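Visitor: Input: one structure, supplied below.
Each reported figure results from applying straightforward, stated rules to the coordinates on display, with no laboratory input. Everything numeric in this text was worked out from a predicted model, so none of it was measured.
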Amino acid sequence: MTKILVQIDGSNFYNKAKHLAPQVHLTNYKYSDLVYSITNDKKSEIVYYVGEIRKVPKNKKSEQLYSSQQSLFSNLRKQGIEIKLGFLLLSGGVYHEKGVDVQIAVDITRGAIKKEFDVCYLISSDTDLLPAIKTAKEEKKKIIYVGFENSISNALSNNCSKTIILKKSQITKFTK
């Protein structure tokens, strides 16, 4: 039986999906149904990676963002999706997500070497993941890049075993 790992880079997915289909509300999205439509396997292990939002005392915006993220997490858990957290670093007045790409890369590399998966579907367009992808392929693992029709990464397409392109109709199909 083929072991399938599906990695969703949360921030990357959010930005690409919102650009493609701004009307889609991703907090209540049917992520597991989207994954099934891609993999055709209901037993896939799905991991959602994202920077954790923390509440800042007396900051309404942080409280709203925190509340929204907690709703997202509840939705993901109900669908049996594992959540792995990075963090947000404030630098120059702007928050930057940290630790997420490294976590994804470590999971690809470790999973390939320890034979935790046979096929990995990577829903991310982050080229920082190329060294991990190359390592997994050296371990004879299949890495499938899942990109968005509005912004395909040629580097990932050229270095993964296969490319699947999500279209707007696929993104909007799984809105609750």
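Visitor: Give the Cα extents of region 33-107 along the principal axes, in whole Å, largest first.
Guide: The Cα atoms of region 33-107 stretch 45, 26, 15 Å along their principal axes.
Visitor: Using only the Cα atoms, work out Rg/Rh for region 104-176, with Rh taken as the Kirkwood radius, to two decimals.
Guide: 1.02
Visitor: Taking the chain as the reference, fit the longest principal axis to its C-alpha atoms, fit the long axis of helix 10-20 to the helix C-alpha atoms, and give the angle between the two in degrees, 0 to 90, nearest 10.
Guide: Around 80 degrees separate the two axes.
Visitor: log10 I(q)/I(0), Debye, Cα-only the chain, no solvent, q = 0.17, 0.20 Å⁻¹?
Guide: Taken in order of the listed q values, log10 I(q)/I(0) reads -1.10, -1.48.
Visitor: Starting from 0.36 nm per residue, how many nanometres of slack lie between T27 and N154 once their C-alpha separation is accounted for?
Guide: Roughly 42.8 nm would be gained on extension.
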